[in-house]
Amino acid sequence: MAETTGSRSRNLLKRLRDTLAQEGEGQERLDKITQLIADSMGTHVCSIYLLRDAETLELCATEGLNPESVHQTRLRIGEGLVGRVAREARPINVSNAPETPGFRYMPETGEEVYSSFLGVPIQRLGETRGVLVVQNKEARDYSDDEVYGLEVVAMVIAEMAELGAFVGKGAALSAPHQQPVTFRATSAQEGTAAGHVLLHEPHVVIANPVADDPEKELERLHRAMDRLKGDVDDMLSVAMGAATDESRQVLEAYRMFANSRGWLKRMEEDIRSGLAAEVAVEKEQSATRARMARVPDPYLRERLHDLDDLSNRLLRLLTGQDNHNGVEIPEDAILVARNIGPGELLEYGKRIKGVVLEEGSVGSHAAIVARAMAIPLVVHAEKITREALNGDLILVDGDHGIVHLRPEDSIAAAFQDKIAMQQEAQQQYASIRDLPAVTRDGVHIGLFMNAGLMVDLPSLKSSGADGVGLFRTELQFLIRSKVPRRGELAALYARIIDAAGDKPLIFRTLDIGSDKVLPYMKRTDEPNPAMGWRAIRLTLEKAGVMRMQIQALLRASNGRPLKVMFPFVAQFEEFTAARQAVLDEVVRERALGHKVPEEIEIGAMLETPSLAFAPDQFFEMADFISIGGNDLKQFFFAADRENERVRRRYDTLNVSFLTFIEQIARRCDSLGTPVSFCGEDAGRPVEALCFAAMGLRSLSMRPASIGPVKHLLRRVNLAEAREVIDRARASGAQSVRPALEGWLKDLGFV
Ligand code: PEP
Ligand code: MG
């Protein structure tokens, strides 16, 4: 019985595939396919609905319904039984459709005479492209074999659609991957870039979705499965030493799936029904993705995610399409990926001009790296990996989180204008690069740069920065699979000190925990990690790591002056303990005969409001203070810096925050403690001006921001800016922004 169903299915698939080879329009193919299916399954009706846009299905071909309704009948996703199949991405099989809840009668189709209904989603890699429906006049139940058979057919139709087999007139028959698409997503790193798509994981192209010889396809599947199991075993044995419990768990789950009889059996069955091995993998992958969307339990969803990853590996093994196999990296590459790790992103290095992620988050490691690489990053660009093809034109607006894929000419031209204007401005900045940031009334503001990678250091010269105000040391820990060795770190720090030359350079000790979880660190689930065991709280307890890093810094300096600061100090004692750890290491290193720095400055980052109110003795002990505005602002307003819903809710120029900054600057001044500001806001010209007006004389920012900030500072009179701010504060305004920007506009500066 199974044999007969299998061979019938194979025959039908081959006949469908033959329509691919025939000359003709997409519409003709679709008509032919509906005829073939109705004929083969003995149904009165067979209809194909395809998406004409993200929300609307259109009847594109029918055998049995009124031909006049083709391209006229449309349904929203979720509307009627057909819309429900699309929304739920699973079959609906009912013997009495008109009496089924949700049925929507469409008079133009003449479908009132049909009682039974079977609809299955047409989907590729979990993305619904349409719905395939068969109907009969009599009330009958379609058997499980029939449901399965129709799903297999739908799979081939999805692959044919992907190959462009149904291209014709109208939106529903438009060629795949050719329309312009705009993604309104989330900005994770500012900047703009225009270029061509480079997919981190290229699309798998399947030229022939139908198995001509099922035995051969089965053999291919088994071979690929064996390789997959071998790969997973290798990964596990490599991981046994270094991996955390968590990554081992993932690999164990991989192994379980790779050895799962159920998964293999389903794919074998798909092949026996006539699908090529790759399409069988995709079919099961689609089912996994549909399940993933329905499962509420996060643990189970994660496991389904693992299975999805494994399916991708299997597909690549089957098609021999490995990452970037044969794909040249274009000169102006914009990387498009579902997600990406910090190490992988770094490997692309300077070869990419921007990154667009389907998932990701503002505070992810990838975002930290993108920030360090100073390239725009947009996250949450839903479905972009399915829409984009290698080589597509793409425009990334990291300032607003907007991405234009295959843009219309008018949009591309406007975007190019914007980039040209920015380049023009860059030239202007270059002309003042070697001039100091002095306001018209003679106040000098030190402009420093933030860095975190060796590749950042050349920016020290090109940006005209006065030095490095913040070197984030955690990146070296984040991009490795195990704790870096002391010697390795010392060598790296030495190169950084060399590169800085005579310019001041401040190393910030390891700021991990919260979002920055090291791949090899045991993750402790914390209800609120941003306020949890992180930064100095963690390193004071894990004294070994702290000592190792301090030793590496001391050895790297090799007698030269050294500036170190500790992140996230919330009270005086944390600072005294960390400072003592440095002093103890100096004594030890000297005793070991190592050259210690001739001068050491030890500072603290002010990132929690509490530290602003620490005893005077703290300010006297700290050699310098650096305000970590990103964290300080999130705790001042109790607004998570990574939560899209609230992170922009409170303006940095809010009078409460500015007044707080002013108090910190005054307190530091009165106690003789040098103070600077190193959060992202320092790199925004209007914000930077405000901080200067509040009394700060040193700001640290992305290298790319130094030009624009200096350009503004050099043109304004700081005392006048201060008056504008004070007037706004006295007026009861919530933010000084409108007043200050109005003033700058009148001066012709904005
Ligand atoms: C800050 O919090 O402002 C800061 C500079 O540190 P990070 O962004 O690395 O937390
Ligand atoms: Mg911080």
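Summary of computed values
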{"quantity": "Helices (runs of 4 or more DSSP H) contained in region 543-658 and holding at least 1 residues without any contact (Cβ under 8 Å) to a residue 12 or more places away in the chain, away from ligand 2 (no atom under 16 Å from the Cβ) and under 23 Å from ALA490 (Cβ atoms)", "calculated": "543-557, 572-591"}
{"quantity": "Subset of region 40-76 (residues that are free of Cβ contacts under 8 Å to residues at least 24 places away in the same chain, more than 17 Å from LYS169 (Cβ to Cβ) and not basic (Lys, Arg))", "calculated": "GLY42, ALA54, GLU55"}
{"quantity": "Residue match in region 102-122 (condition: at pLDDT below 90, aromatic (Phe, Trp, Tyr) and within 26 Å of ALA290 (Cβ to Cβ))", "calculated": "yes"}
{"quantity": "Some residue of region 604-614 being more than 16 Å from ligand 1 (Cβ to nearest atom), among the hydroxyl-bearing types (Ser, Thr, Tyr) and open to solvent by less than 70 Å² (accessible area, probe 1.4 Å)", "calculated": "no"}
{"quantity": "Residue that is farthest from PRO180 (Cα to Cα), among those in region 1-53 that are part of a loop (DSSP other than H, G, I, E, B) and polar (S, T, N, Q)", "calculated": "THR43"}
{"quantity": "Considering residues of region 634-658 that are over 20 Å from THR186 (Cα atoms) and in contact with a helix residue (DSSP H, G or I) (Cβ under 7 Å, 6 or more places away or on another chain) only, the residue nearest to ligand 1 (Cβ to nearest atom)", "calculated": "PHE635"}
{"quantity": "Matching residues, region 719-738, being part of a loop (DSSP other than H, G, I, E, B) and either outside the structural domain of ARG697 (by TED's automatic domain parsing) or aliphatic (A, V, I, L, M) (or both)", "calculated": "ALA733, VAL736"}
{"quantity": "Region 354-385, residues that are surrounded by fewer than 22 Cβ atoms within 10 Å (Cβ to Cβ), in contact with a helix residue (DSSP H, G or I) (Cβ under 7 Å, 6 or more places away or on another chain) and at pLDDT 80 or above", "calculated": "GLU358"}
{"quantity": "ALA577 being farther than 17 Å from THR673 by Cβ, within 16 Å of ligand 1 (Cβ to nearest atom) and surrounded by fewer than 18 Cβ atoms within 10 Å (Cβ to Cβ)", "calculated": "no"}
{"quantity": "So GLU408, is it under 23 Å from the mean Cα position of the chain (by Cα), at pLDDT 90 or above and either open to solvent by less than 50 Å² (accessible area, probe 1.4 Å) or more than 16 Å from ligand 2 (Cβ to nearest atom) (or both)", "calculated": "no"}
{"quantity": "Residues within region 615-630 that are at pLDDT 95 or above and within 16 Å of ligand 1 (Cβ to nearest atom), tallied", "calculated": "6"}
{"quantity": "All positions within region 516-571 that are in contact with a Pro (Cβ under 7 Å, 6 or more places away or on another chain) and either within 23 Å of VAL587 (Cβ to Cβ) or away from ligand 1 (no atom under 15 Å from the Cβ) (or both)", "calculated": "ILE536, LEU554, SER557, GLY559, ARG560, PRO561, LEU562, LYS563"}
{"quantity": "Total residues in region 38-92, condition over 41 Å from the mean Cα position of the chain (by Cα) and at positive phi", "calculated": "2"}
{"quantity": "Search result, residues across region 3-52 that are exposed (fewer than 15 other Cβ atoms within 10 Å of the Cβ) and under 20 Å from GLY119 (Cα atoms)", "calculated": "ASP39, GLY42"}
{"quantity": "Of all residues making up region 716-750, the number that are open to solvent by less than 70 Å² (accessible area, probe 1.4 Å) and either more than 27 Å from ARG433 (Cα to Cα) or not aliphatic (A, V, I, L, M) (or both)", "calculated": "18"}
{"quantity": "Residue count for region 129-166, restricted to those that are among the β-branched types (Val, Ile, Thr) and surrounded by fewer than 21 Cβ atoms within 10 Å (Cβ to Cβ)", "calculated": "1"}
{"quantity": "Top-ranked residue of region 522-542 - restricted to ones that are outside any helix (DSSP H, G or I) and touching a Phe, Trp or Tyr at 6+ places or on another chain (Cβ under 9 Å), ranked as farthest from ligand 2 (Cβ to nearest atom)", "calculated": "THR524"}
{"quantity": "Of the criteria (1) in contact with a His (Cβ under 7 Å, 6 or more places away or on another chain); (2) open to solvent by 40 Å² or more (accessible area, probe 1.4 Å); (3) within 21 Å of ASP332 (Cβ to Cβ), which one GLN427 fails", "calculated": "(1)"}
{"quantity": "Residue match in region 634-647 (condition: over 18 Å from THR608 (Cα atoms), touching a Cys at 6+ places or on another chain (Cβ under 9 Å) and assigned by TED's automatic domain parsing to the domain that holds LEU453)", "calculated": "no"}
{"quantity": "Output for region 695-710, where each listed residue is more than 16 Å from ligand 1 (Cβ to nearest atom) and either closer than 17 Å to ARG729 by Cβ or outside any helix (DSSP H, G or I) (or both)", "calculated": "GLY695, ARG697"}
{"quantity": "Filter result (surrounded by fewer than 19 Cβ atoms within 10 Å (Cβ to Cβ) and out of contact with any His (no Cβ under 9 Å at 6 or more places or on another chain)) within region 178-191", "calculated": "GLN178, GLN179"}
{"quantity": "Matching residues in region 672-689 - criterion: being open to solvent by less than 30 Å² (accessible area, probe 1.4 Å) and away from ligand 1 (no atom under 16 Å from the Cβ)", "calculated": "THR673, VAL686, LEU689"}
{"quantity": "One residue from GLY349, GLY341 being on the phi > 0 side of the Ramachandran plot, out of contact with any Ser or Thr (no Cβ under 6 Å at 6 or more places or on another chain) and either open to solvent by less than 10 Å² (accessible area, probe 1.4 Å) or not assigned by TED's automatic domain parsing to the domain that holds VAL232 (or both)", "calculated": "GLY349"}
{"quantity": "Residue that is outside the structural domain of SER187 (by TED's automatic domain parsing), in a helix (DSSP H, G or I), closer than 25 Å to MET449 by Cβ and free of Cβ contacts under 8 Å to residues at least 40 places away in the same chain, where the choices are ALA682, ALA665", "calculated": "ALA665"}
{"quantity": "Every pair of residues 6+ apart whose Cβ atoms lie under 6 Å, when the first sits in region 97-114 and is aromatic (Phe, Trp, Tyr) while the second is open to solvent by 30 Å² or more (accessible area, probe 1.4 Å)", "calculated": "TYR114/LYS137"}
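The values are calculated or read from the model by the stated rules, or taken from the named source; none is laboratory data. The structure presented is a predicted model; accordingly, all values stated were derived computationally and were not measured. All Cβ positions, glycine included, derive from the backbone under ideal geometry; neighbour counts span all protein chains shown. Accessible surface areas use protein heavy atoms only, side chains included; no ligands, DNA or RNA. Shrake-Rupley method; radii C 1.70, N 1.55, O 1.52, S 1.80 Å.
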